[in-house]
Amino acid sequence: LALYPISNVPKDFHVTELYKTRRGILVREGHPLIERYEKRGRITMQDLSAYRQIRTTFPGAPEWAGPQSRTATTMQEVALEMPFFLAVPMVLAKTDFTYTAPVITLQHFVRMPQFNLRMLPAPAELAEFVPRLIWHERTHTDPFLQWVRAIITDNCREAARQAGALL
């Protein structure tokens, strides 16, 4: 089993959407994008391009975003690239960098008072996020793994519902 936000898997794999959610933009309190959002009620890709981003990468993993998102994110210069997202709040708290991720992840960071962070809605080009459960054909009919997939699916959907992150 794998949990990953891609749908283009080889033909001998199965995929199920866990839920549909959206991405947000995480910035420090007082970041200039907050004022822009409060004046216009939205953030555009052009707004984002004025600020460098933190990007998380997972070596050897397929790309997270589809072609449209990939093109959109290249408008923003990368300031820092790291394999883990747990250091992101520490960097954002001291810079004007931005970080784009699923709202469930960002909500966790916003609740950490020591960092004083704020989440803004991502532009439409970046907004949709759909995590998926992926498994190989050989395990498709295994009763135990069917049960495990059901437990994972139900729990992920419930967690997203409780977080208010469902589209």
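The values are calculated or read from the model by the stated rules, or taken from the named source; none is laboratory data. Keep in mind the model is a prediction, meaning the values are calculated, not measured. Cβ: placed from backbone, ideal geometry, glycine included. Neighbour counts: every protein chain shown. Surface accessibility is based on the protein's heavy atoms, side chains included, excluding ligands, DNA and RNA. Shrake-Rupley method; radii C 1.70, N 1.55, O 1.52, S 1.80 Å.
So the values come out like this:
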item	result
Residues satisfying the stated conditions in the range 107-122, i.e. not charged (D, E, K, R) and not in a loop (DSSP other than H, G, I, E, B)	Gln107, His108, Phe109, Val110, Leu117, Met119, Leu120, Pro121
Only one of Pro102, Pro83, Pro113, Pro89 that is over 12 Å from the mean Cα position of the chain (by Cα) and crowded, with 19+ Cβ neighbours inside 10 Å	Pro89
Considering residues of the range 5-14 that are buried (at least 16 other Cβ atoms within 10 Å of the Cβ) and closer than 20 Å to Pro102 by Cα only, the residue modelled with the lowest pLDDT	Ile6
Which listed residue is open to solvent by 40 Å² or more (accessible area, probe 1.4 Å), polar (S, T, N, Q) and either more than 21 Å from Phe115 (Cα to Cα) or modelled with pLDDT of 95 or more (or both), from Ser69, Ser49	Ser49
Selection status of Glu137, among the charged types (D, E, K, R) and within 18 Å of the chain's Cα centre (by Cα)	no
Test: Glu125 is under 20 Å from Arg36 (Cα atoms), open to solvent by 40 Å² or more (accessible area, probe 1.4 Å) and in a helix (DSSP H, G or I)	yes
Selection from the range 154-167 of residues that are farther than 19 Å from Glu128 by Cβ and either surrounded by 11 or more Cβ atoms within 10 Å (Cβ to Cβ) or touching a helix residue (DSSP H, G or I) at 6+ places or on another chain (Cβ under 9 Å) (or both)	Asp154, Asn155, Glu158
Residue match in the range 130-138 (condition: more than 30 Å from Gln53 (Cα to Cα), surrounded by 15 or more Cβ atoms within 10 Å (Cβ to Cβ) and modelled with pLDDT of 95 or more)	yes
